[in-house]
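Enquirer: Here you go, one structure.
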Amino acid sequence: MKKFTAVSLFCGAGGLDMGFENAGFHTIWANDSNSDACKTHQNWSKAKVVCNDISKINIDDIPTSDVVLGGFPCQGFSLSGPRKIDDSRNSLYKHYVKVVARKQPKIFVGENVKGLLTMADGQIMEAIISEFSDCGYNVFFQLVNAKYFGVPQDRERVIISGFRKDLNIQEFQLQMPQIPLVTLKDALKDMKAAEPNEVCQAPYSSRYMSRNRKRDWNEVSYTIPAMAKQVSLYPGSPNMIKVDKDLWQFGDGGETRRLSWREAAVIQSFPKEIEFYGDLVSKYKQIGNAVPVKLAECVANQLREVLEEGRTNIWEQESKHRTEKHLNTHVS
């Protein structure tokens, strides 16, 4: 029985890819421009990981696959920063579109921040859907919170799923698995005590203090950010005390510290034993930028069900699609 293959763009450390691997997909090729992230990815996966700017890669060198994955960079779309229509980082998704257009996978999956939905009053989202549709795909998008997919973290993200039109998938919606929330206590119960060199020791800014970035053991974590100094407090830290409007101070009775990078990785549902390359800032960045593994796995399982249900039809359509593409190429 054929195994579904995947190509991953903007792969980072590979949270999205690892989730798909756990669901039975096989990532054969991956790309990112961050050398530390590429080393991290290559250390756990069997994929060929190419470290280079996507704009400098020849699309012909990218292998054909059943699925194309890509959490294209979201800094220009983020609600936490400026959202300019002409932000050059927003154009990176166009490289993703070019790869999908040329390689024509059965499905593609994109992931991005919540802010993508309201960027330019929805015009950016409309443009993205239109471009993928012009490539020959039925496109569906959905805002989900990772905490409902087995991830111990409040993390809202947009999942974009595209199905090649000849597969005739007219409807698709991610279903939340019927599982209890995973708390910080559940996630971190078997963790070793954090070493000082595993925790960001930067001073706490007034902005950080005003946001009271601490969740208790019986709750899920705040969103794991990519910036080390913005990582939330370890749940075993003393509670913060409000002394005035938007003004808090640390309480007494224990060690106040941020989550270690290892704890942050587990909260992102990476396995405890995974190693991240680079310095401390780089490790936190890779972890914060990743798609939570459990969320990716749930997405992959549901997409796999769609493909499995129509497997015979899909392979027949695939053969026809490749033949027509070959003929059209020679005619042109």
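Enquirer: Can you confirm whether residue 161 is free of Cβ contacts under 8 Å to residues at least 24 places away in the same chain and either assigned to a helix (DSSP H, G or I) or closer than 16 Å to residue 96 by Cβ (or both)?
Expert: Against the criterion (free of Cβ contacts under 8 Å to residues at least 24 places away in the same chain and either assigned to a helix (DSSP H, G or I) or closer than 16 Å to residue 96 by Cβ (or both)), residue 161 does not qualify.
Enquirer: Give the residue that is surrounded by the fewest Cβ atoms within 10 Å (Cβ to Cβ), with candidates limited to residues of region 219-237 that are hydrophobic (A, V, I, L, M, F, W, C) and assigned to a loop (DSSP other than H, G, I, E, B).
Expert: Of everything passing the filter in region 219-237, 227 is surrounded by the fewest Cβ atoms within 10 Å (Cβ to Cβ).
Enquirer: When both residues are 6+ apart or on different chains and their Cβ atoms are under 7 Å apart, which pairs have a first residue that lies in region 213-232 and is without any contact (Cβ under 8 Å) to a residue 24 or more places away in the chain, and a second that is of a type in the set (Ser, Thr, Tyr)?
Expert: 213/222; 213/232; 230/208
Enquirer: Under 6 Å between Cβ atoms, at least 6 apart or on separate chains: pull out the pairs that start in region 238-250 with a residue that is within 25 Å of residue 217 (Cβ to Cβ) and open to solvent by 80 Å² or more (accessible area, probe 1.4 Å) and end on any residue that is among the aromatic types (Phe, Trp, Tyr) and assigned to a strand (DSSP E or B).
Expert: That search, which allows pairs on different chains as well, returns 242/248.
Enquirer: Do the conditions hold for residue 213, that is, is it open to solvent by 30 Å² or more (accessible area, probe 1.4 Å) and either among the hydrophobic types (A, V, I, L, M, F, W, C) or more than 19 Å from residue 72 (Cβ to Cβ) (or both)?
Expert: Yes.
Enquirer: Right, another one. Is there any pair with a first residue in region 282-298 that is crowded, with 24+ Cβ neighbours inside 10 Å and a second that is hydroxyl-bearing (Ser, Thr, Tyr) and part of a helix (DSSP H, G or I) whose Cβ atoms are under 8 Å apart and which are 6 or more apart or on different chains, and what are they?
Expert: 286/40
Enquirer: Cβ-Cβ under 9 Å, sequence separation 6+ or interchain: first residue in region 1-26 and free of Cβ contacts under 8 Å to residues at least 24 places away in the same chain, partner part of a helix (DSSP H, G or I) and buried (at least 24 other Cβ atoms within 10 Å of the Cβ). Which pairs?
Expert: 26/20
Enquirer: In region 43-60, is there at least one residue being at pLDDT below 95 and either more than 30 Å from residue 120 (Cα to Cα) or surrounded by 18 or more Cβ atoms within 10 Å (Cβ to Cβ) (or both)?
Expert: yes
Enquirer: Please go through region 107-123 and give me each residue that is part of a helix (DSSP H, G or I), surrounded by fewer than 22 Cβ atoms within 10 Å (Cβ to Cβ) and either of a type outside the set (Lys, Arg) or touching a Gly at 6+ places or on another chain (Cβ under 7 Å) (or both), ordered by number.
Expert: Across region 107-123, the qualifying residues are 115, 117, 120, 121, 122, 123.
Enquirer: Continuing with the same structure: What are the residues in region 164-200 that are in a helix (DSSP H, G or I), over 22 Å from residue 96 (Cα atoms) and touching a helix residue (DSSP H, G or I) at 6+ places or on another chain (Cβ under 8 Å), if any?
Expert: Within region 164-200, the first condition is being in a helix (DSSP H, G or I), and the residues that meet it are 165-167, 184-188, 196-198.
Now drop any that are not over 22 Å from residue 96 (Cα atoms), which leaves 184-188, 196-198.
Of everything in region 164-200, those that are in a helix (DSSP H, G or I), over 22 Å from residue 96 (Cα atoms) and touching a helix residue (DSSP H, G or I) at 6+ places or on another chain (Cβ under 8 Å) turn out to be 184, 187, 188, 197, 198.
Enquirer: Also, quick follow-up: Taking the conditions exactly as written (open to solvent by 40 Å² or more (accessible area, probe 1.4 Å) and either touching a residue at least 60 places away in the same chain (Cβ under 8 Å) or on the phi < 0 side of the Ramachandran plot (or both)), does residue 166 satisfy them or not?
Expert: So residue 166 fits the description; yes.
Enquirer: With the condition kept exactly as written, say whether any residue in region 176-192 is β-branched (Val, Ile, Thr) and closer than 26 Å to residue 248 by Cβ.
Expert: Yes: region 176-192 contains one or more residues that are β-branched (Val, Ile, Thr) and closer than 26 Å to residue 248 by Cβ.
Enquirer: Tell me yes or no: at least one residue of region 252-272 is within 30 Å of residue 170 (Cα to Cα) and modelled with pLDDT of 95 or more. First the steps, then the outcome.
Expert: Restricting attention to region 252-272, the residues satisfying the condition of being within 30 Å of residue 170 (Cα to Cα) are none.
No, because not a single residue in region 252-272 is within 30 Å of residue 170 (Cα to Cα) and modelled with pLDDT of 95 or more.
Enquirer: Is at least one residue of region 188-209 open to solvent by less than 40 Å² (accessible area, probe 1.4 Å), at pLDDT below 95 and in contact with a Phe, Trp or Tyr (Cβ under 7 Å, 6 or more places away or on another chain)?
Expert: Yes, that holds for at least one residue.
Enquirer: Continuing with the same structure: With the checklist (1) of a type in the set (S, T, N, Q); (2) more than 24 Å from residue 11 (Cα to Cα); (3) open to solvent by less than 10 Å² (accessible area, probe 1.4 Å) in hand, flag the one item residue 260 doesn't pass.
Expert: (2)
The values are calculated or read from the model by the stated rules, or taken from the named source; none is laboratory data. Please read these numbers as outputs of a predicted model, since none were measured by experiment. Positions of Cβ are generated from backbone atoms using ideal geometry, with glycine treated the same way; all protein chains shown enter the neighbour counts. Each accessible area value is taken on the protein alone, full model and side chains, heavy atoms only, with ligands, DNA and RNA left out. Shrake-Rupley method; radii C 1.70, N 1.55, O 1.52, S 1.80 Å.
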